[in-house]
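Undergrad: Got a structure for you, questions after.
The values are calculated or read from the model by the stated rules, or taken from the named source; none is laboratory data. Remember, predicted model here, so these are calculated numbers, not experimental data. No Cβ is skipped: glycine too gets one built from the backbone with ideal geometry, and neighbour counts run over all protein chains shown.
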Amino acid sequence: MPELPEVETTLRGIESYVANQRLCKVIVRNASLRWPVPVDELESLVGQLVTRVERRAKYILLHTEKGSVMLHLGMSGSLRVVKPDLPPAKHDHIDLVFSSHTIRFNDPRRFGCCLVLQQPIEDHKLIQNLGPEPLTDAFDGDYLFNRSRGKQVAVKNFIMDGNVVVGVGNIYASESLFEAGIRPTIAAQRVSRKRYQLLAQEIKTVLAKAIKAGGTTLNDFTQADGKPGYFRHELQVYGRAGEPCSKCDSAIVSKVIGQRNTFYCRVCQRG
């Protein structure tokens, strides 16, 4: 599933093609995504200028004066910049057509979404309860420590909770906990303030590195230009069960935590 770095990479890939551009046409080939695509509402934005493009959590928002298009990549979705006359491929469900290019939404598993929101978008049910962005000053170790008090859930599940902090998905939670030396199975309430300060910094560092590398491609994800994300070459523990730890040479182990496969080093992540 695309996580925050993949979504941020996608946004940066389409931003220059969308911002301050006028939406000329909308083509919906399949409206049956995670939620039905509101075709009429989407078509009502034709002729509107996209005034601003932003990301909130894993949602990409294209703002116009009449409403905002909200896109989510789901588990297998991607947005690509293509020529308007390029024939659609299988699973190319939606085209947002501008004067010289098209933003094409492809989603084989159809868990993504395309919705139209009205202002204020912060009041929308999918957004209103989200936690802070991890790459902002609103997110730090003190915040994590305070939110974790009384939480018996595993720390990995805690930092993957979108109501606590957005965008720290399975890959980057495993990588950040490894860099911070924290075992993913420990209860969130047992992690000290000092260790949360380190963890918050590692989350920021890992996510920033992943964005710089264009995200992580394991299965389906591609950037807006069709290229894969290259952070997979920098993964220290995720997907490396049985391989030697880069710090101590012990074998990386995997364990299912909260129905998600988790990777860590028993030696380097003791507490």
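Undergrad: Among the candidates S68, S100, single out the residue that is hydroxyl-bearing (S, T, Y), in the same structural domain as R56 (by TED's automatic domain parsing) and modelled with pLDDT under 95.
TA: The match here is S100.
Undergrad: A further question on this structure: Would the range 142-151 turn up any residue that is assigned to a loop (DSSP other than H, G, I, E, B), farther than 25 Å from N20 by Cβ and hydrophobic (A, V, I, L, M, F, W, C)?
TA: no
Undergrad: Okay, next question. Outside the structural domain of N163 (by TED's automatic domain parsing), modelled with pLDDT of 95 or more and out of contact with any helix residue (DSSP H, G or I) (no Cβ under 9 Å at 6 or more places or on another chain): is that true of D85 in this structure?
TA: In short, no.
Undergrad: So which residues in the range 220-263 are surrounded by fewer than 19 Cβ atoms within 10 Å (Cβ to Cβ), modelled with pLDDT under 85 and hydroxyl-bearing (S, T, Y), if there are any at all?
TA: Once the filter is applied, which keeps residues that are surrounded by fewer than 19 Cβ atoms within 10 Å (Cβ to Cβ), modelled with pLDDT under 85 and hydroxyl-bearing (S, T, Y), the range 220-263 yields only Y230.
Undergrad: For R104, state whether it is in a strand (DSSP E or B) and crowded, with 21+ Cβ neighbours inside 10 Å.
TA: yes
Undergrad: Counting just the residues of the range 39-81 that are among the basic types (K, R) and over 16 Å from C113 (Cα atoms), which one comes out surrounded by the most Cβ atoms within 10 Å (Cβ to Cβ)?
TA: Filtering the range 39-81 for residues that are among the basic types (K, R) and over 16 Å from C113 (Cα atoms), the one surrounded by the most Cβ atoms within 10 Å (Cβ to Cβ) comes out as K66.
Undergrad: Kindly list the number of the only condition in (1) over 15 Å from E3 (Cβ atoms); (2) modelled with pLDDT under 95 that fails for I182.
TA: (2)
Undergrad: Any residue in the range 60-69 that is within 30 Å of V165 (Cα to Cα), of a type in the set (K, R) and touching a residue at least 40 places away in the same chain (Cβ under 8 Å)?
TA: Scanning the range 60-69, I find no residue that is within 30 Å of V165 (Cα to Cα), of a type in the set (K, R) and touching a residue at least 40 places away in the same chain (Cβ under 8 Å), so the answer is no.
Undergrad: Being within 29 Å of Q128 (Cβ to Cβ), among the aliphatic types (A, V, I, L, M) and part of a loop (DSSP other than H, G, I, E, B) is the filter here; which residues of the range 152-188 pass it?
TA: V153, M160, V164, V165, V166, V168, listed by residue number.
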